[in-house]
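The values are calculated or read from the model by the stated rules, or taken from the named source; none is laboratory data. Everything quoted here is computed from the prediction, not taken from an experiment. Using ideal geometry, Cβ is built from the backbone for each residue, glycine included, and neighbour counts are taken over all protein chains shown.
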Amino acid sequence: MSRIGKAPISIPNDVTVSVGEGEVMVVGPKGRLQYRFSTGDLTVDVVKNEVLVGRKNEQRQTKALHGFTRSWIANMVTGVTNGFEKRLELVGTGYRVRSEGEKLVFSLGYSHPIEILAPSGIQFRVEGTNLVIVSGIDKQLVGQVAADIRALRKPEPYKGKGIRYLGEVIRRKAGKAAKAAAQA
């Protein structure tokens, strides 16, 4: 049995979890989320203040879905209570971001500014001119939006310029001059 899948998910007092036919709905103080799962392979039950995820067979695909579904539901419970956030840092001369209502405007060294509109369920905050905070209740959506922003200008390995996650370590490469000096 999956170690992750068999662990129960505790439900806080201010969160309601309801299970329908192939669907789990989690409602909390920050919002509501729903998830559809495979009814043929998995069972989801709410017992007292816990959610239990079980599986009906021992097939490889079912085993994988068992742990995945349990993790997804646990992330939903965490999201509606605390929420999730990703912090992105702009590193480089002239790299800036500013907030204009629901959208972000990036200056990343291109000939034009880049505008990103916040999808529903996502909030943007800007601290200073080089820190963006992406927050929301859906962990997958927060991570995807942060990855899309990072993809606008990935950190490059020679000078480290670009958009990176806060605390991300970029492996630096030696440039041509350093390589030439090492060979001589």
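If you check every pair at least six apart or on different chains, which have Cβ atoms under 6 Å apart with a residue in segment 61-77 that is in the same structural domain as residue 20 (by TED's automatic domain parsing) first and a residue that is surrounded by fewer than 18 Cβ atoms within 10 Å (Cβ to Cβ) and modelled with pLDDT of 90 or more second?
Close Cβ pairs satisfying both conditions: 72/35.
So in segment 23-43, with the set limited to residues that are part of a loop (DSSP other than H, G, I, E, B) and within 24 Å of the chain's Cα centre (by Cα), which one is surrounded by the most Cβ atoms within 10 Å (Cβ to Cβ)?
Residue satisfying both the conditions and the ranking: 37.
Scan segment 62-73 residue by residue and report those that are over 14 Å from the mean Cα position of the chain (by Cα) and within 14 Å of residue 9 (Cβ to Cβ).
Selection gives 66, 67, 68, 69, 70, 73.
What is the residue count in segment 138-152 for residues that are among the charged types (D, E, K, R) and in contact with a Lys or Arg (Cβ under 8 Å, 6 or more places away or on another chain)?
Summing the residues that are among the charged types (D, E, K, R) and in contact with a Lys or Arg (Cβ under 8 Å, 6 or more places away or on another chain) in segment 138-152 gives 1.
I'd like to check something: does segment 173-180 contain any residue that is exposed (fewer than 14 other Cβ atoms within 10 Å of the Cβ), at pLDDT 90 or above and among the aliphatic types (A, V, I, L, M)?
The answer is no; no qualifying residue exists.
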